[in-house]
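A short worksheet on the structure shown next.
The values are calculated or read from the model by the stated rules, or taken from the named source; none is laboratory data. All values derive from a computational prediction rather than experimental measurement. Glycine also receives a Cβ, built like all others from the backbone with ideal geometry; neighbour counts cover every protein chain displayed. To get the accessible areas, we keep the full protein, side chains included, count just its heavy atoms, and leave off ligands, DNA and RNA. Shrake-Rupley method; radii C 1.70, N 1.55, O 1.52, S 1.80 Å.
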Amino acid sequence: MIQISNDLFYRKIERSDLVHRVAWINNPEINSTLTFVTPVSLASTEKWFESTITDNSKLNLSFFLKENDEYIPLGFGGFIGIDRNNRRAELFITIGNKTYQGRGLGKKIVTFLIRFGFSELNLRKIYLTTLENNERAKKLYEACGFVQDGKLRQHFYHQGRYLDCYHMSLLRNDVE
């Protein structure tokens, strides 16, 4: 585990994290704002894990909160589509543990990922997408400095309806 703050930690995703990931992705309260095709199985997630751990265009992290010497799984996040030529990547984050949502941990994790992306990955641009029904995430990203680049109308078919998708980005020189 690598420490982010007093009680917040992360590590590269491990096989033992997959059970939580599957439960979170399959939870209707969580996946109502995600673009995963659900349900996902542990077997398909293990297959995904095998392919992703050697893929240099992805960085999948697990996040934990330390309480009373115990590491409590919070969620997952990181970067996909890491393009080292153009120095850009897509950020993603999910706080799957409902008990810890709304406590400012998402903002801490996004802030950490921004710093990590610009300093460790040497990115010039970090971008993301969020669905129209995820207003909390949109406000979080804006609070972290992301600006809306555009909106793709009715871009995702999700749970029986088409939803708009917002594209947002943050440039290195926006935060320097």
| note | Among (1) open to solvent by less than 50 Å² (accessible area, probe 1.4 Å); (2) touching a strand residue (DSSP E or B) at 6+ places or on another chain (Cβ under 8 Å); (3) at pLDDT below 95; (4) not acidic (Asp, Glu), TRP24 falls short only on (3)
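Please tell me if GLU50 is modelled with pLDDT of 95 or more, open to solvent by 80 Å² or more (accessible area, probe 1.4 Å) and not aliphatic (A, V, I, L, M). Quick ask: steps written out before the conclusion?
On the way: modelled with pLDDT of 95 or more: yes; open to solvent by 80 Å² or more (accessible area, probe 1.4 Å): yes; not aliphatic (A, V, I, L, M): yes.
Considered against the rule, which asks whether it is modelled with pLDDT of 95 or more, open to solvent by 80 Å² or more (accessible area, probe 1.4 Å) and not aliphatic (A, V, I, L, M), GLU50 comes out as yes.
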| field | Filtered residues of the stretch 59-104 (kept if touching a strand residue (DSSP E or B) at 6+ places or on another chain (Cβ under 6 Å) and part of a helix (DSSP H, G or I)) | value | TYR100
| Those residues of the stretch 112-137 which are more than 12 Å from the chain's Cα centre (by Cα), under 15 Å from LEU170 (Cα atoms) and open to solvent by 30 Å² or more (accessible area, probe 1.4 Å), in sequence order | ARG115, PHE116, SER119, LEU121, ASN122, ARG124, LYS125
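Take SER41 and decide whether it is surrounded by fewer than 12 Cβ atoms within 10 Å (Cβ to Cβ), farther than 28 Å from GLY104 by Cα and over 16 Å from the mean Cα position of the chain (by Cα).
yes
Can you tell which of LEU91, LEU59, LEU65 is open to solvent by less than 40 Å² (accessible area, probe 1.4 Å), under 13 Å from ILE13 (Cβ atoms) and in contact with a Phe, Trp or Tyr (Cβ under 7 Å, 6 or more places away or on another chain)? Talk me through it step by step, then tell me what you get.
On the way: LEU91 fails: under 13 Å from ILE13 (Cβ atoms); LEU65 fails: under 13 Å from ILE13 (Cβ atoms).
Just a single option satisfies the conditions, and that option is LEU59.
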| How about the stretch 31-58: which of its residues are of a type in the set (Lys, Arg) and in a helix (DSSP H, G or I)? | LYS47
| Restricting the first residue to the stretch 89-115 and requiring it to be farther than 19 Å from TYR166 by Cα, which pairs with a second residue that is assigned to a helix (DSSP H, G or I) meet a Cβ separation below 7 Å and a spacing of at least six or different chains? | ILE95/LEU105; ILE95/GLY106; GLY96/HIS20; GLY96/TRP24; GLY96/ILE30; LYS98/GLU29
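Among the candidates VAL147, VAL175, which residue alone is among the hydrophobic types (A, V, I, L, M, F, W, C), at pLDDT below 95 and open to solvent by 20 Å² or more (accessible area, probe 1.4 Å)?
Result of the check over VAL147, VAL175: VAL175.
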| said: As an exercise: evaluate HIS167 against (1) within 16 Å of the chain's Cα centre (by Cα); (2) open to solvent by 60 Å² or more (accessible area, probe 1.4 Å); (3) over 16 Å from GLU90 (Cα atoms) and give the number of the one condition it does not meet. | reply: (3)
